[in-house]
Amino acid sequence: MEFEAHVLDSSPATDVEDFHARMRACERAVCRVEGPKYGTGLLVGPGLVVTNYHVVDSLVEGNTPRERLVFRFDYKKKANGDDIQDGVEYKLRAGSCVAASSPRDVLDYALLRVAG
C-alpha cells in the first residue's frame, strides 16, 4: 500500500488522449514475423527489423528460403481470434538480409533488412 501510494502521488497526471496517441505511434513499429515460425519484430531503423533469433533461425542458418518470411505491419486481431485488419506485408531486402545476429543461447536476436 505504501509503495502504491508513493507511485500514485509522485506520478504526474497523464493526458489520456496524448498517451493513446503515443501508444498508437509506437504500435506502428511492431510487426508480426511469419515464416516457418511466428513471432514479433520491431522496426528499429530505416528498413531494419529486430526479432528473436529463434523465430528466424532456419532462415539465418540457410534452411528456409527467404521468400517464406513475411513482416506484417499494422496487423490487428481481437482477443477471440478474429482479425480486425490484415496489415501490410513486407519481404526481406534483396541481397544480404541479415545485418547482425546472435544465437538463442547467447543473445537470441536477429537484425534483418526489410524491403520497403
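What follows is calculated from the coordinates using simple rules that are stated; it is not laboratory data. Quick caveat, the model's predicted, so the values are computed rather than measured. Every residue, glycine among them, receives a Cβ derived from its backbone with ideal geometry; neighbour counts consider all protein chains shown.
Note down the nm distance, to one decimal, between modelled labels 7 Å out along Cα→Cβ at Phe3 and at Val70.
4.3 nm
Mind giving me the nanometre distance, one decimal, between the label points for Glu61 and Glu27, set 7 Å out from Cα along Cα→Cβ?
3.6 nm
Local charge sum around Ser96 (other residues, Cβ-Cβ under 11 Å, Lys/Arg +1, Asp/Glu -1)?
Numbers: positive: Arg66, Arg93, Arg113; negative: none.
Residues close to Ser96 contribute a combined charge of +3.
Trypsin sites (Lys or Arg not before Pro) within the stretch 17-46: which are DSSP loop residues with at most 11 other Cβ atoms inside 10 Å?
Here the sparse-neighbourhood loop sites are Arg28.
So how far apart, in nm, are the two label points at Ala79 and Ser10 if each is 7 Å from Cα heading toward Cβ?
3.2 nm
Tally Lys/Arg at +1 and Asp/Glu at -1 over every other residue whose Cβ is under 15 Å from the Cβ of Pro46; what's the total? Mind dumping the intermediate values first?
Details: positive: Arg28, Arg93, Arg113; negative: none.
Net local charge, Pro46 excluded: +3.
Per DSSP H run of n ≥ 4, the term is -39500 (n - 2.57); total these for the chain, divide by its residue number, and report the mean residue ellipticity at 222 nm rounded to 500 deg cm²/dmol.
Value at 222 nm, helices only: -7000 deg cm²/dmol.
Round to the nearest 0.05 the FRET efficiency obtained for Ala100 and Glu34 when R0 = 22 Å and r is the Cβ-Cβ distance.
For Ala100 and Glu34, the calculated efficiency is 0.55.
Name the residues whose placed amide hydrogens come within less than 5 Å of the amide hydrogen of Leu92, ignoring near sequence neighbours (fewer than 5 apart) on the same chain.
Counting only residues 5 or more places away or on other chains, the set is Ala115.
For Ala99, what residues show an amide H to amide H distance below 5 Å, using hydrogens built from the backbone and excluding near sequence neighbours?
Here Leu111, Leu112, Arg113 satisfy the definition.
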